[in-house]
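The values are calculated or read from the model by the stated rules, or taken from the named source; none is laboratory data. Note that the coordinates shown come from a computational prediction; the quantities given were computed from them, not determined experimentally. Neighbour counts run over all protein chains shown; Cβ positions are idealised from the backbone, glycine included. The area values use the complete protein model at the heavy-atom level, side chains included, leaving out ligands, DNA and RNA. Shrake-Rupley method; radii C 1.70, N 1.55, O 1.52, S 1.80 Å.
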Amino acid sequence: MATLKLEIVTPEAKIYSEDVDSVTLPGVEGELGIYPMHIPLMTQLAAGEVCARKSGEDHFLAVGEGFVEVTGERVAILTDMAIKADDIDEAKAEEARRRAEARLQDKLGADEHATVQAALLHSLTQLNVKRRRRG
Amino acid sequence: MPSTRDIRRRIKSVKSTAQITKAMQMVASAKMRKAQLAALAGRPYAALMNEVLAAATAGAGEFSHPLMEVRPVRKRALILITTDKGLCGALNTNLLREVARVDKGSVAYVCAGKKGAQFIARTKRELAAEFTYRDTPQFAEARAISRFAQELFLKGDVDAVDVAFTNFISTLAQKPEIRQLLPLGEIKAVSADVTGDSAAADLEAAKQEYLFEPAPGEVLGNLLPHYLNYQVYQFLQEAKASEHSARMVAMKNATDNAKQIIKDLTLEYNKLRQANITKELLEITTAQMAMG
């Protein structure tokens, strides 16, 4: 059976690089399911949950905003944040969320505001993914 | 002929210099490890983004973006990434020599790092702006530089933007390089990823029509500026990794040299001391013999 090469890369590291059977990812216009031989597609990634199916097993990752390139045999995800669901530290994410929310109360420049907003989004996404897995 | 006291004084001063260079070497090597890791970790992202972008611009069909517009070049801008401090060997000198070599007039400089700005002021070149960046480059700092360059280009003040930086190869080797940043139209042919890997071969095969969602304009409109920002960010990290590596090596050499000098001076000092003792003994015995 044909497989897809899923690559998830952030500025800090290559988080995921494996051959998978299918990928479900959050596009800006809604969830996308991608199977091998998909037509070439370029889209933007929304913060949320990526699900990679590999030999019957589902792997979940929390991702931030970014870009996705799909070709028939490859899915390349460029994002500013990616973390495997198992590696998410709930307490840490909760802490980060509280800190970011507190920072938003202060007066911030436009650039800083965007940075904090992004940090908040990251922690929220991580929490969502983690809680959904457990629940 | 220096006296023993002179030599002692020199040994002391060389020793304290060696202590300083040794300390700087330690600091640089700790920072170097961090900076190298950061630079290497960023490379896959930069390379993949380059691939994606090259494939996307090739597969976007009719689409064009203001940042991709190729104009006849009347004036260029050069983003010059240097260090803030010296004592890092020939790092800045090599880079600035490279810059001076390609400078054919009508270049506006955008400096990141003090050494570059000093060079521009000294040689009376045109300085468009000066930016600073910290020891661990922040994405926001890179974004500020890249936005400024994009504005210059979009306003039509300059027709091309290059970046001069020191590419990190290994602890012992850093290479000054000048890369074109804008216009983006020419980038797809070269696939100038930071590693210099041969991604070009795959690109030929990837030249197919892409489906864009929501629309080519929207996706590429977001992707292109982000690509430029990230590119500058990666350059900053490469430059930092190079700086700390070069400083580490320079300081190690300085420490080794100081140790050699101390060894030589100590030898000289002991010889002189012995000669003095012999001389004194001789004087005493001659005096005794004369008295007797």
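Taking Cα atoms, how many degrees apart are the long axis of helix B:139-155 and the longest axis of chain B, rounded to 10 and kept between 0 and 90?
50
Suppose R0 equals 30 Å; then what is the FRET efficiency for B:Ile169 and B:Gln118 from their Cβ-Cβ distance, rounded to the nearest 0.05?
Between B:Ile169 and B:Gln118 the formula returns 0.70.
If each of A:Arg99 and B:Glu283 carries a label point 7 Å out from its Cα toward its Cβ, how far apart are those two points in nm?
My value for the distance between the label points is 7.2 nm.
Across the residues of B:217-224, average count of Cβ atoms on other protein chains within 10 Å?
Mean partner shielding for this stretch: 3.
Roll a 1.4 angstrom probe over the protein heavy atoms and tell me the percent of accessible area of region A:16-87 that is carbon or sulfur.
Answer for region A:16-87: carbon and sulfur cover 44 percent of the accessible area.
Taking the simple approach of a point 7 Å from Cα along Cα-to-Cβ for both B:Phe139 and B:Glu218, what is their distance in nm?
For the pair B:Phe139/B:Glu218, the computed spacing is 2.2 nm.
With +1 on the Cβ of every Lys and Arg and -1 on the Cβ of every Asp and Glu, and nothing else charged, how large is the dipole of the protein assembly as shown about its Cα centre, in debye rounded to the nearest 20?
Roughly 3040 debye for the protein assembly as shown.
If we sort A:15-25, B:151-161 on the protection proxy, mean other Cβ atoms within 10 Å, highest first, what's the order?
Output ranking for A:15-25, B:151-161: A:15-25, B:151-161.
Could you do me a favour and compute the accessible area per residue for region A:4-85, 1.4 Å probe, result in Å²?
That works out to 37 Å² for each residue.
Quote the relative contact order of chain B in percent (integer), defining contacts as alpha-carbon pairs under 8 Å separated by 6+ residues.
Worked out over chain B, it gives 33 percent.
Return the average number of partner chain Cβ atoms within 10 angstrom of each residue Cβ along peptide A:10-17.
Neighbouring Cβ atoms belonging to other protein chains average 4 per residue here.
Quick check: the distance between the Cα centres of region A:34-67 and region B:1-58, to the nearest angstrom?
40
Projected onto the charge dipole of the protein assembly as shown (+1 at Lys/Arg Cβ, -1 at Asp/Glu Cβ, origin at the Cα centre), which of B:Gly113, B:Ala18, A:Pro11 gives the Cα projection farthest towards the positive end?
Farthest along the dipole direction, towards plus: B:Ala18.
Any chance you could check the Cα centroid distance between region B:248-290 and region B:67-146 for me, in angstrom?
Between the Cα centres of region B:248-290 and region B:67-146 lies a distance of 49 Å.
Could you work out the mean count of beta carbons from other protein chains within 10 Å of each residue's beta carbon in A:71-78?
So the per-residue partner count for this stretch is 4.
If you restrict to DSSP beta bridges whose two residues both lie in the protein assembly as shown, what percentage is antiparallel, to the nearest 5?
65
Would you compute, from DSSP H runs of 4+ residues alone, the mean residue ellipticity of chain A at 222 nm, taking -39500 (n - 2.57) per run and dividing by the full residue count, rounded to the nearest 500?
-10500 deg cm²/dmol
Take A:Glu18 and A:Asp87, extend 7 Å from each Cα along the Cα→Cβ direction, and tell me the distance between the two endpoints in nm.
1.2
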